[in-house]
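Following: one structure in structure tokens, then a few remarks.
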Amino acid sequence: MNELIAFSLGKKPNTAFLKVSADNFGSYDLDELSLGQGLFEQKCVVILDGLFGNAEAKEILLEKLSRLAGSKNVFIVNERTLGKGDLSVLKKHAEKTQDFLPEEKFDKTDFNVFSLADAIGGRDKKRAWTLYLRALSRGFEPEEIHGTIFWQVKNMLLVKDAKNPTAETTGLKPFVLSKAKLSCGSYSKEELRKFSSRLVSLYHDSHRGIGDFAVGLEKLLLETI
């Protein structure tokens, strides 16, 4: 799913995306989504993620499959587990289906997680979100991604707080310093402080078992960048 999103964004950067999960399903109407259009594109992409985990959402989705298949918009159904016969029902209406075994692993070496830090520095929300999803799909743990994001925010704050930001006053390597100088202009000092504070809170909350780390980090990125 993440790779398909990244491909779609690369092909049409202005594509509108909407993610519907079992948690927020009640806020949306599939009939309306099948008719709606994106702001910049003739089509929009709607990701239906894990709806089968909610019995009511699953029942409604199965009832609407034919309507969704005929929509001008693109619907991506992403499920981690399927009941007996579910896949065959989906295949009747899907243009394409892919099945991945749980033990399938991706190689981290083909993805540079610091590209996410660059997107955050450039305040490119859509690219940062796409790269975040790609990092997860490549096997990076949320805590590892969080560390990279926190490193970037900390570097930008060091530059913002320094009256004369140099390698000596900030403790940053020259190359890292030059990138931080370029990036910090995209945020105010107050925004960076709030960004840093939320990252710290998210880290501690996740270790206390409050909320899902990956979901919380995705939400923070979308709300902050």
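The values are calculated or read from the model by the stated rules, or taken from the named source; none is laboratory data. Keep in mind the model is a prediction, meaning the values are calculated, not measured. Glycine gets a Cβ as well: all are built from the backbone with ideal geometry, and neighbour counts include every protein chain shown.
Are any residues in segment 109-148 farther than 21 Å from Y187 by Cβ and without any contact (Cβ under 8 Å) to a residue 60 or more places away in the chain, and if so, which ones? Listed by number, the residues that qualify are T109, D110, F111, N112, A135, R138, G139, F140, E141, E144. Could you check, for segment 146-154, whether at least one of its residues is out of contact with any Leu (no Cβ under 7 Å at 6 or more places or on another chain), part of a loop (DSSP other than H, G, I, E, B), of a type outside the set (F, W, Y) and crowded, with 18+ Cβ neighbours inside 10 Å? There is no residue in segment 146-154 that is out of contact with any Leu (no Cβ under 7 Å at 6 or more places or on another chain), part of a loop (DSSP other than H, G, I, E, B), of a type outside the set (F, W, Y) and crowded, with 18+ Cβ neighbours inside 10 Å.
Here is a yes/no grid of residues against (1) surrounded by fewer than 17 Cβ atoms within 10 Å (Cβ to Cβ); (2) closer than 17 Å to R123 by Cβ:
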position	(1), (2)
K179	no, yes
Y187	no, yes
R193	yes, yes
S196	yes, yes
A214	no, no
T224	no, yes
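Just one of (1) within 23 Å of K19 (Cβ to Cβ); (2) at pLDDT below 95 fails for I149. It is (2).
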